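The structure under discussion appears below in the form of structure tokens.
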Amino acid sequence: MDSNSKYAVVDMETTGTDLRRDDRIIQFSVSFVQNGQISSTFSTYVNDGVPIPAEITELTGINQATIKTAPSFDQLAPQIYQMLSDTVFVAHNVNFDFPFLNHHLERVGFPALEIEAVDTVTLSQIFFPTLTSYRLSDLSAHFQIHHQHPHSSASDADATAQLLLLIARRIKKLPVLTLQSLLALSLKLPQQTHQFIEMIASQRKTREPLPSGLTEVEGLVLKRHRSLATEHHDRLTKFPLAKKQKERAFAGQLEWRASQSKMMNLIYRNFAAGKQPARNLLIEAPTGSGKTLGYLLPLAFLNQTGNQVVISTATISLQEQLRLVVQEQLNNLLGFHLQTVVLKSRRHYLDLSRFATALIADDDNHLSQFSKAQMLVWLTETETGDLDELHIPQNAAVLQQVNYQVTPQFTESEFGNYDFWHWQLQRLQTADVIIVNHHYLYQNAEHLKQQLSGQPYLVVDEAHHLPEVAFAAQRQEWWLGAIKANVSRVRNDVFQTHERNLTEIVQSQPHLRANLQRLMDVLTRIEELQQTLLQTLLEQLQIRFTAQANVVSVSTAKINQFQEQFQADLQRQVNLQRRLEQLLQTINRELSQMGEQWVASEYETFLHFNDHVQRVLQGLTEMKQFLQATAKQQHAEGLWLRYGEDHDPNNMRLELARFDTSTRLQKQIYQYFQPVIFTGAVLFTSKKSQYIYDQLDLRRSNTRMKRLAADFDYQKQVQLMITEQTPMPAGVENEEYVAFVANSIQKIYHAQPVPTLVLFNSLELIQAVYSKLRSQPGIGMLLAAGISGSQSKILRRAEGKKAPIILGANGFWEGVDFPAHYLKSIIIPRIPFSAPDSPLMQARSNYLKQQNKNPFTSYSLPHAIIEMKQGIGRLLRRSDDYGIITILDNRILTKRYGHQILTALEENLTAQTGSITTIQRQQKEFLANHKQTN
């Protein structure tokens with residue numbers, strides 16, 4: 001392979017991907033690339049006399065008629081073999097196309113092609129590391145490659161050829177030092193993909209000047225920082241309160257929405273100088289009301305007073321969505337750039353010092369090495385060092401090697417101002433808008449206030465999630481197996497046999513070796529004591545284990561009895577912990593004094609050893625703190641044990657939760673900001689509901705509540721149906737109930753097959769219904785949470801399909817947006833009440849009773865209503881959406897609390913009731929009428 005090589009970029013359409021089933025080629029296409037351009041193309045259909053599956057026809061548009069007059073593969077083989085000989089084979093997933101083609105060449109008597117091959121998927125992943133998808137259609141859309149007919153091999157081959165040229169240009173523009181570091185990783189890439197990179201890199205001069213936007217720091221090429229200067233915005237003088245003023249100020253840029261305008265004016269007037277002091281604002285802004293710009297725009301004007309704006313939202317992905325709204329919509333409206341910082345906890349950022357060490361050490365993990373290559377390229381692009389930009393799975397081993405593990409000290413970083421975490425903190429000084437998530441806000445509100453000037457504004461978006469985050473943050477957990485697991489890791493560091501261990505590294509240092517042995521002796525004593533304590537604790541708790549993994553309530557009194565009885569042993573463990581800390585400090589000091597004699601791989605071993613000993617110490621501390629908290633336990637708390645099917649104590653976790661919410665959020669967050677703006681699409685269960693005030697730790701006296709009107713015409717766009725007959729068993733495993741749900745879904749779907757989302761509050765019920773449905777005739781693509789992959793994978797698989805059925809739970813109730821005009825039917829089998837017999841719910845109920853509150857009416861019912869309203873909100877996202885909502889739970893009609901649920905749902909909708917047969921008929925009529933009008 002050299003600069004004059006001819007590349008044959010191949011794509012094929014096939015009857016399937018399994019050669020064992022004798023799947024065949026039905027279209028073959030190739031685009032030839034040479035000297036930086038596409039020189040020629042060839043494409044043909046193939047007819048080997050085999051049937052084309054319906055799903056392949058749906059995907060490619062190729063049917064039996066298409067290939068009727070096409071030649072067979074054995075007729076085409078001589079021409080294909082001749083064309084591809086002496087070329088470099090290229091494909092988008094070369095490890096499928098190349099072996100598949102060679103198999104069929106050999107099948108008709110030709111030898112396999114013995115030519116070099118290159119994979120464009122792998123190259124795209126390395127050199128465009130921040131993309132969210134590497135499907136050819138998505139890459140084509142991103143790079144504006146003309147790709148008229150995806151899944152037509154002629155169009156795909158042409159798009160892949162253009163992609164190959166794009167990748168080559170990208171490699172040629174990368175700094176030589178970056179390419180050298182990348183190639184030094186000895187990546188194991190498909191076929192000869194690595195040689196392709198080497199070939200282009202070899203054409204570069206050894207030392208080329210860096211572009212002006214890049215800089216070299218400690219052997220790494222990084223994107224040069226922009227200067228941190230506060231921008232002064234002169235345009236924003238007076239906020240446009242009236243409709244005509246808004247239309248003049250934002251002519252042609254902002255669609256008029258009455259609800260959005262009311263939200264803007266409410267926020268601006270609340271904080272602008274006036275007779276009344278500002279109050280907290282609690283604003284329910286339904287889907288389609290323009291909520292995000294509804295608070296961003298007035299706050300941009302208020303920001304001119306010098307007070308920065310902090311926006312907190314529920315998830316990291318929503319942080320990114322908010323950033324895009326500020327940069328792509330708000331800044332265009334304002335005509336200037338508001339400086340925005342997205343801030344997360346330290347573990348989300350790349351620690352350049354750790355990354356530099358990880359680059360030198362080959363951990364024999366191919367995926368980790370591949371991710372390091374992506375990071376080298378990414379460092380020439382990123383301004384933040386936020387590892388989420390790379391979309392690496394959160395459980396990937398490489399993240400633990402390169403992210404911040406402890407609080408970084410600025411003076412310790414050899415990267416100075418280019419240390420990413422401290423750069424983020426510096427950026428806060430000049431930022432107009434800071435976007436955080438609820439978890440970060442709860443843990444860091446005081447520290448954040450110290451970093452900012454004045455008294456910041458705070459918006460809590462998706463506000464109903466903040467109490468959940470606060471509750472989770474106050475929960476304490478004790479993993480019973482933490483000590484044993486991490487002691488094993490330390491032993492592996494010290495005595496492992498598959499590579500050089502710590503004992504061998506310090507062999508020539510007698511004093512260091514002796515201290516290491518003392519440390520290992522202490523660890524052994526800790527481990528033995530731990531096992532004795534755990535065994536005794538479980539015996540005293542007298543838990544009746546079930547065959548399945550489970551959660552059971554635990555007696556506080558028995559744990560306190562255990563502490564009293566074994567006080568001496570627990571104190572002995574504390575003494576051993578102190579001794580372990582002293583020995584680790586001594587060993588680290590000795591290692592540091594001899595720092596110049598260690599090579600990088602040895603230094604990496606020291607880091608692993610240190611980390612694992614620290615985890616042992618952390619486990620001991622967590623145990624101590626947990627027992628102390630249990631001893632102080634009050635009526636506001638609950639205690640339970642989680643265990644697995646194997647009943648192994650080392651896999652068990654004790655959990656302690658606190659339910660007392662009084663002044664918690666006020667002390668932890670609100671006191672550091674101006675009166676807070678709380679908003680979300682669904683916050684209230686009724687006009688007089690106290691639920692959201694209690695959850696958010698708010699008082700009505702200093703909070704103004706506003707419920708904005710929805711911009712949808714629900715009466716025309718949605719039909720709400722409730723079944724009159726429902727079997728209601730105590731448990732979801734009841735066969736009659738499972739059959740009812742499965743049969744109802746099937747009948748409703750068959751009446752008019754449309755994209756359907758079924759929302760459950762039980763994964764067990766999903767599994768049971770899925771088993772029933774998948775064998776039923778006439779069911780299209782069936783996807784299920786907990787069975788068909790992650791939420792994002794399920795959505796990708798459903799994308800473009802005419803009428804899939806998705807059985808969803810958890811995040812599907814609110815954390816998913818479908819494409820425009822796609823979803824047409826939502827089915828809710830059961831009111832989403834929390835399981836009353838779960839230890840968590842029992843503990844919460846006990847606490848509420850002690851507060852003289854009814855657990856059902858003060859928590860379970862409003863929580864279920866909000867979840868139902870959020871689920872229903874998945875259907876209408878735009879003004880021209882429409883669809884059906886079916887509830888298969890007649891308790892809404894027969895129970896007293898059902899009236900409250902119905903009232904909450906019918907604020908915009910009018911429910912119709914009937915049998916499943918009636919629902920089928922009315923759904924068919926409703927959808928048919930809308931199809932005609934649309």
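The values are calculated or read from the model by the stated rules, or taken from the named source; none is laboratory data. Because the structure is predicted, anything quoted here is derived from the model rather than measured. We place every Cβ from the backbone using ideal geometry, glycine too, and count neighbours over all the protein chains shown.
Couple of notes before you dig in:
- Any hit, segment 802-809, residues being closer than 14 Å to Ser762 by Cα and within 17 Å of the chain's Cα centre (by Cα): yes
- Each residue in segment 311-321 was checked for being buried (at least 21 other Cβ atoms within 10 Å of the Cβ) and either in contact with a His (Cβ under 6 Å, 6 or more places away or on another chain) or closer than 17 Å to Glu814 by Cβ (or both), and 4 of them qualify.
- In a residue-by-residue description of segment 475-487, the property of being farther than 14 Å from Met623 by Cβ and in contact with a helix residue (DSSP H, G or I) (Cβ under 9 Å, 6 or more places away or on another chain) applies to no position.
- Test result for Thr178, more than 24 Å from Leu210 (Cα to Cα), of a type outside the set (Gly, Ala, Ser) and either touching a Pro at 6+ places or on another chain (Cβ under 7 Å) or part of a helix (DSSP H, G or I) (or both): no
- Within this structure, Ser202 passes the test of being surrounded by fewer than 17 Cβ atoms within 10 Å (Cβ to Cβ), in the same structural domain as Thr122 (by TED's automatic domain parsing) and hydroxyl-bearing (Ser, Thr, Tyr).
- For the criterion of being at pLDDT below 85, within 30 Å of Tyr670 (Cβ to Cβ), assigned to a loop (DSSP other than H, G, I, E, B) and acidic (Asp, Glu), Glu231 passes.
- Index of the failed condition, Arg491 passing every other in (1) assigned to a loop (DSSP other than H, G, I, E, B); (2) free of Cβ contacts under 8 Å to residues at least 40 places away in the same chain; (3) of a type in the set (D, E, K, R): (1)
- The set of residues from segment 541-553 being out of contact with any Ser or Thr (no Cβ under 9 Å at 6 or more places or on another chain) and surrounded by 13 or more Cβ atoms within 10 Å (Cβ to Cβ) comprises Ile543, Phe545, Ala549, Asn550, Ser553.
- Residue satisfying condition, being in contact (Cβ under 8 Å) with a residue 24 or more places away in the chain, of a type outside the set (Ser, Thr, Tyr) and not in a helix (DSSP H, G or I), within set Ile919, Ile884: Ile884
- Residue match in segment 372-390 (condition: without any contact (Cβ under 8 Å) to a residue 60 or more places away in the chain and out of contact with any strand residue (DSSP E or B) (no Cβ under 8 Å at 6 or more places or on another chain)): no
- Inspection of segment 599-622 finds a residue satisfying the criterion of being farther than 29 Å from Asp646 by Cβ, loosely packed, with under 14 Cβ neighbours inside 10 Å and free of Cβ contacts under 8 Å to residues at least 40 places away in the same chain.
- Annotation: of all residues in segment 326-342 being of a type in the set (A, V, I, L, M, F, W, C) and surrounded by 17 or more Cβ atoms within 10 Å (Cβ to Cβ), the one that is nearest to the chain's Cα centre (by Cα) is Val342.
- Single residue of Leu139, Leu174, Leu189, Leu163 found to be closer than 24 Å to Leu59 by Cβ, in contact with a strand residue (DSSP E or B) (Cβ under 9 Å, 6 or more places away or on another chain) and of a type outside the set (Gly, Ala, Ser): Leu163
- Of all the numbered requirements in (1) among the polar types (S, T, N, Q); (2) in contact (Cβ under 8 Å) with a residue 40 or more places away in the chain; (3) surrounded by fewer than 17 Cβ atoms within 10 Å (Cβ to Cβ); (4) outside any helix (DSSP H, G or I), Gln304 misses one, and that requirement is (4).
- Considering the conditions (1) part of a helix (DSSP H, G or I); (2) over 24 Å from Leu696 (Cβ atoms); (3) not acidic (Asp, Glu), Ala273 is excluded by exactly one of them, (1).
- Taken over segment 797-817, the criterion of being assigned to a helix (DSSP H, G or I) and either outside the structural domain of Arg874 (by TED's automatic domain parsing) or crowded, with 16+ Cβ neighbours inside 10 Å (or both) is satisfied by Ala798, Phe812, Trp813.
- Screening Asn854 with (1) at pLDDT below 90; (2) farther than 23 Å from Trp813 by Cα gives one miss only, at (1).
- Number of residues in segment 71-122 that are among the polar types (S, T, N, Q) and outside any helix (DSSP H, G or I) equals 4.
- The lone exception for Arg489 - which of (1) out of contact with any Phe, Trp or Tyr (no Cβ under 8 Å at 6 or more places or on another chain); (2) buried (at least 19 other Cβ atoms within 10 Å of the Cβ) it fails: (2)
- Inter-residue pairs, beta-carbon under 6 Å, first in the same structural domain as Glu814 (by TED's automatic domain parsing) and in segment 776-796, second modelled with pLDDT of 85 or more and of a type in the set (Phe, Trp, Tyr), 6+ apart: Ala784/Tyr770; Ile787/Tyr770
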